[in-house]
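I have placed the structure first, in the form of structure tokens, so that the comments after it can refer back to it.
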Amino acid sequence: MMNKKLFWTTAVMTSSVMALIMSGIIVTINTGVDSELITRWMRSFSIAWPIALSLNVLVIPVVRNLAEKICTPKQQRSI
């Protein structure tokens, strides 16, 4: 089990990076590159990041448990 500090640090960092990269790519594709790109990107990021963090906090434990079940041999699994 992951300690709380590691859990929150991981959740904040991964959601920040993913929201920043994805919002930048999507805004650039949808609106093109011009003098207002950074403003649109940061506005999009400010919406995307809290959503990404919330989903990350809810999804990380589920994904970790699923990955553990997939990667643990059947005879080592606890019932």
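Sorting 31-39, 50-58 by average packing, meaning the other beta carbons within 10 Å per residue, from highest down gives 50-58, 31-39.
Given a Förster radius of 22 Å and the C-beta distance between residue 3 and residue 57 as r, what FRET efficiency does 1/(1 + (r/R0)^6) yield to the nearest 0.05?
Values: r = 15 Å, r/R0 = 0.68.
In this case the efficiency is close to 0.90.
Readers should treat all values here as calculations from the given coordinates under stated rules, not as data from a laboratory. In this text the structure is predicted, and so the values were computed from the model without any measurement. Neighbour counts run over all protein chains shown; Cβ positions are idealised from the backbone, glycine included.
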